Amino acid sequence: MADRLREKASVRTIAAGPGRSPSTAGREIRRNGMPLRGDHTRWVYRPHAAQRWDDQRRPRPKPGKIGQNAAAP
C-alpha cells in the first residue's frame, strides 16, 4: 500500500491488488495514513507505524469467551 501510494496510484488500483474493496483501502489509508508534508492532497502510509497505532487502539487484552469458561466434564 505504501509503495502504491508513493507511485501515485488510485485507491481503486491499490485495492485491486490484494482483492479488497476500494472503501476498505481508503478507510485504512485515512485511519493509519498521514498527509504528505507540504502537499495535503497526497497521503503517506507507513505500515510499521500503522500496525503500532492499530495495536494501541485495540481494546484491552482479555481472554476470549471459550477461554473464560471451565472445561465441561
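Each value in this text was obtained by applying a stated rule to the coordinates, not by laboratory testing. Just so we're clear, the structure is a prediction, and the values are computed from it rather than from any experiment.
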Can you tell me the orientation of helix 47-57 relative to the chain, as the angle in degrees between its alpha-carbon axis and the longest Cα principal axis, to the nearest 10? 40
Quick shape check on segment 2-55: root eigenvalues a ≥ b ≥ c of the Cα gyration tensor, a/c under 1.5 is rounded, otherwise prolate if a/b tops b/c, else oblate, and it reads oblate
Please give the helix 22-32 orientation as an angle from the longest Cα principal axis of the chain, in degrees from 0 to 90, rounded to the nearest 10. 80
